[in-house]
Every structure is written in structure tokens, then in C-alpha cells.
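The values are calculated or read from the model by the stated rules, or taken from the named source; none is laboratory data. Model, not experiment: these values are computed from the prediction. When we count neighbours, we look across all protein chains shown, and the Cβ atoms used for this are built from the backbone with ideal geometry, even at glycine. Side chains are part of the model used for accessible areas, which takes the heavy atoms of the whole protein and leaves out ligands, DNA and RNA. Shrake-Rupley method; radii C 1.70, N 1.55, O 1.52, S 1.80 Å.
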Amino acid sequence: MSHLWPQLPHDQAAYSEISSDFWPWPEVFADLKRRDHFSGALEVRQNDRRARFFWADGEALGGYSDNSEDDLVTLALHFPRGSLSLYLLDSQVARLAWQCRDTTLQGEEQRWEDLQTGRTLQAFSGVIRGPAGDSYWHAGQHLHGPLARAGERVTLIAAPREVVSTESVIEFYNTALNVAARHFDVAAHWRASALELADDHLCLDPFAREVVYESGQLQLVQSVPADELLAALRDAYALTLVRAGRRAGELPLDALHGHSLWAQSGLGEQA
């Protein structure tokens, strides 16, 4: 299996290029064990070989070298005298870097302005590789890394699609809207937000009647792909809060923290 090596954000390194002669593997393992809820990547290089291992929110995602995927102990055995770097990453960036390791995910080059004006970027999750470096995106949101400039060509490395159902998206946002409705008039703000975002998210167009908010509930009138629906409702909910002068962190959304869509909703970042 051939691997891609998305550029990792190096601005928050716990340590960088330390030889395992001075920082032996048993001490590395002990240090990693002490890091609760760790999100990041361990990178090791030895001569012309390299490997990486990723964590997100304390979960070990996995590791890989140039042509194989290995657990952490196997990597240590294969790199007994390596140069070690530990990078602290946003959990979503760590997941994307891990998910985008497969060379088969790399698409065709295209112009940055064509990508910006099309619909692909609205729900894109993955890495966009441009002349200035790699940028990380989740559900159409830029997370980290340099943006390309007009006229430059970029390559998309799309993360494998997560299995998300339209029913689960509607259920999630109906719960979030019910919580919000106990604190302000959701209906008026939602209608204005949906109208403002209709050019970017066609399913929100009130005249298309694909997704409507009536009688205090979201209803899916016509079929909309789950990833498109998620991006649209995420933006509409965020704009509704802005219009109401509220922040997600002010609302009692604790019941949604364990939901599979919580990380993708961006609500945890809107404290």
C-alpha cells in the first residue's frame, strides 16, 4: 500500500527531532501514556525511511510507514535509532491526516478559483494541496494550513466519506433547535438565515422546499445527500445563533456531546 504524507502543522511541537539514543522508546511510551485525551502525531525518521502514528482525543488511530501500516510497537522495532518528533494537533486535523494517507484518495489538479465557485468545497472534508502547502478542511470549513491564491492549481485529497444518514442529521439539528427555542425565537431567525445562505446551500432555498422549518421542527421534504444536508444545517444553525446574539456554549447542549455528529457540527468550537 502506497501512502501520502500530508504536511503536519509544526507550530505546536512537544519535541522535535530528538534522537532515540537520548530519548529511548520506553521513555517515549511512558510519556505518551501520561498524555490524557491526546491529539497529535508522532513522526520518526531513520536514514531515508519515515513513519507516523496518530491519536485523536486519546484514541490511537494507527500508524504507517512508506509501504505498510503498523502499530506503535512495530514502528519502534523498525526504527530503533530514529529521530523523533511529537506534534500536538487539533483532533479533527489528526483524524484527517490519518484518513488521507491513501494515495488512491488523491484527485485531479484544478484551479483554486474554480474550486471556490463550485459546490465541491461546500461539503469537502480532507486535505487541499497547493503551492504554499497543505490545508485541512472539514465539512467545508477551513481548519488549518495556508490557502491557495487565485490562479494557483490545487489537488484535493478527499477523506473517505463517513457513513451519515439524513435521518440522523435531521434528528441532531431538531434536538439542537429545540434547545435553542427555549431561549429565543428560533423560527424568525432560522428563516432569515436560510434565505441568506440559499445561494451557498441550495437545499435551504425556501422556494425549493427541500428542507423546511415548520411548527418547531425541521422536515426533509425532498431527498438531499447527507453530507450536503449536514453542511447546510451546520451553517444555518450557526448563523441563527449569530442573529439571535447567542453562542452555542451558552445553550445546554450537553445531551448532544456524545452524538456521532457532534464533532462535525462545530458546536463544540463555538463557545
*So how do R182, R246, R161, R153 rank on accessible area, 1.4 Å probe, biggest first, that is with the largest at the start?*
R161, R182, R153, R246
*In debye to the nearest 20, how big a dipole does the chain give about its Cα centre with +1 on each Lys and Arg Cβ and -1 on each Asp and Glu Cβ?*
260
_With angles folded into 0 to 90 degrees, how steeply does helix 166-181 sit against the dominant principal axis of the chain? Use alpha carbons for both and round to 10._
70
*What length, rounded to one decimal in nm, is gained on full extension from F207 through to A188, with 0.36 nm per residue of separation minus their alpha-carbon distance?*
5.2 nm
*Determine the gain in length on full extension of the stretch N178-Q219; use 0.36 nm per residue of separation and subtract their C-alpha separation, reporting nm with one decimal.*
13.4 nm
_Charge dipole of the chain about the Cα centre (unit charges at C-beta), most positive-ward option of L230, A187, H10_ = H10
*asked:* How far apart, in nanometres, would the label points at S165 and R153 be if each is projected 7 angstrom from Cα along the Cα-to-Cβ direction?
replied: 4.3
*Grab the beta carbon distance between N47 and H142, set R0 = 51 Å, and tell me the FRET efficiency rounded to 0.05.*
0.90
*How would you classify the chain from its alpha-carbon gyration tensor, with a ≥ b ≥ c the square roots of the eigenvalues: rounded for a/c under 1.5, else prolate if a/b is greater than b/c, otherwise oblate?*
prolate
*Relative to the longest principal axis of the chain, what angle (0 to 90°, nearest 10) does the C-alpha long axis of helix 25-34 take?*
30
*Can you give the calculated 222 nm mean residue ellipticity of the chain, where each DSSP H run of n ≥ 4 adds -39,500 (n - 2.57) and the sum is split over every residue, rounded to the nearest 500 deg cm²/dmol?*
-9000 deg cm²/dmol
_Spelling out what I want: for every residue of region 251-258, take phi, set θ = phi - 60°, compute 6.51 cos²θ - 1.76 cosθ + 1.60 (Karplus), and round to whole Hz; glycine and proline get x._
9, x, 9, 4, 5, 8, 4, x
*Selected from G118, G126, G82 as most flexible by GNM, with the chain as the system and alpha-carbon contacts under 10 Å*: G118
_Longest site-free stretch - the chain; sites: chymotrypsin sites (Phe, Trp or Tyr not before Pro), DSSP loop, at most 13 other Cβ within 10 Å_ = 23-206
*Once label points are set 7 Å from the Cα along Cα→Cβ at both T74 and Q122, what is their separation, rounded to one decimal in nm?*
4.2
*Going toward the positive end of the dipole of the chain, with +1 on Lys and Arg Cβ and -1 on Asp and Glu Cβ, which of P131, A244, N178 do you reach last?*
A244
*Between the helical axis of 226-244 and the dominant principal axis of the chain, each derived from Cα atoms, what acute angle in degrees is found, rounded to the nearest 10?*
70
*Classify region 13-100: rounded, prolate or oblate, from the alpha-carbon gyration tensor (a ≥ b ≥ c, eigenvalue square roots; a/c under 1.5 rounded; otherwise prolate if a/b is larger than b/c)?*
oblate
